[in-house]
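Taking it in order: structure first as structure tokens, then the write-up.
Bear in mind that the values in this text are calculations on the coordinates, not laboratory data. Predicted model only: the values in this text are computed from it and were never measured. A quick note on method: Cβ atoms are made from the backbone with ideal geometry, for glycine too, and the neighbour counts reach across all protein chains shown.
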Amino acid sequence: MLEHLKSLATFGMVLRAGSFRGAAERLGMAPSTVSYHVTALEEFIGAPLLNRSTRRLSPTSLGETLGIQAEAMLASVDGALRLVDEQTGLLRGLLSVTCTSAVIGAGFGEAVALFTRRHADITLRLDVSDSAADLISGRFDLGIRAGRFADSAMKRRRIGAIRRALVCAPTLLQSDGPIRDANDLAGLRWIRLSSMSSRRQLVAPDGDMVELATPTHAEVGSIEAMIELALAGMGVATPPAHLVGAHLATGALVELAPGWQAPPIELQAVWPASRTDSPLRRAFVDHLLDVWAPTLNGPARAR
């Protein structure tokens, strides 16, 4: 019985991690031991639980059904350990976080490193992507998202805002001429991040918010690609200011129009709504608010 429970828990962790190696790292086992337990469970049941290929694992129909029970068992164990940790004040376990690349270079890494130094029993899994990862299927405890959004299935806390720049290559201004008003801005070539709308809000020199329908000359999946194409003269970009400071200093990029600003990037911490909160997630969010949020800033808001 106990051996079957161990095999079932190991199978559940394989589904959580998405691989034998990932499960082995979380369980502190050798990958061969993880494989042994899954095979032993399949032999006991008399049917395959996983579809195996060289690139990925996926559960069979029976494996999916059994996986629900395995996940419930793991969640129950996690809950029991959380009760102990709440009594002792100890934080431990795996913290899976996905974040936008806008936070890289803005003090996020330093804040994360400080948190892990304070809580040495934590293992961090960090995914950096400018495409909003699915927190449920990706098994993330927390997401640091750019922009405002409303999703009843998610809880959220505002972290702060990161200043954005409104930039282009000097050659673009030479070819398209000086910018006098909003109509001139709307007529330019723009580089759009896939997660952004083609309608943009800009803050005018008088402080008013102006919404423009901007033609997309290039659509990209990452902020890094947006900056790269802006440097190549393909269009106007609105990346985080801290990522293009060096390019502005050398003249490789210039501010598009004096007095015009892009609103700051709003940062939200989001996580799946559940009845039981995670002390580890709660402590991490509180840490970001205490340590990182005060260092963030954005331009003045529109009147």
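Structural remarks
- Sequentially through segment 132-143, phi angles give Karplus couplings (6.51, -1.76, 1.60; θ = phi - 60°) of 5, 6, 6, 5, 6, 5, x, 6, 9, 6, 7, x Hz, Gly and Pro residues having no value and appearing as x.
- On Cα atoms only, tilt of 61-88 relative to the major axis of the chain in degrees: 80
- Placing pseudo-labels 7 Å out from each Cα toward the beta carbon at Arg157 and Ala47 gives an inter-label distance of 4.4 nm.
- Options Cys168, Leu256, Met29, ranked by Cα towards positive dipole end of the chain, top entry (Cβ charges): Met29
- Scattering from segment 222-292 was approximated by placing one identical point on each alpha carbon and applying the Debye formula without solvent; log10 I(q)/I(0) at 0.16, 0.24 1/Å stands at -0.72, -1.10.
- Length added when fully stretched, Gln201-Arg117, from 0.36 nm per residue minus Cα-Cα: 26.2 nm
- Between helix 31-45 and the chain there is an angle of about 60 degrees, using the helix long axis and the longest principal axis of the Cα atoms.
- For Arg125, the residues 5 or more places off, or on other chains, whose built amide H falls under 5 Å of its own are Leu95, Ser96, Val97.
- Segment 16-61 and segment 109-130 have Cα centres lying 27 Å from one another.
- Over segment 167-263: Kirkwood hydrodynamic radius from C-alpha pairwise inverse distances, Å: 13.4
- Amide H contacts of Gly233 (H built 1.01 Å from N, in plane; Pro and chain starts excluded): Ala169 sit under 5 Å, all sequence-distant by 5 or more or on other chains.
- Amide H contacts of Trp190 (H built 1.01 Å from N, under 5 Å, at least 5 apart or other chain): His217, Ala218, Val236
- The chain - percent relative contact order, Cα under 8 Å, separation 6 or more: 21
- The chain: angle of helix 108-118 to the longest principal axis, Cα-based, in degrees nearest 10: 30
- Efficiency of FRET between Ala273 and Thr33 - r from beta-carbon atoms, R0 30 angstrom, step 0.05: 0.25
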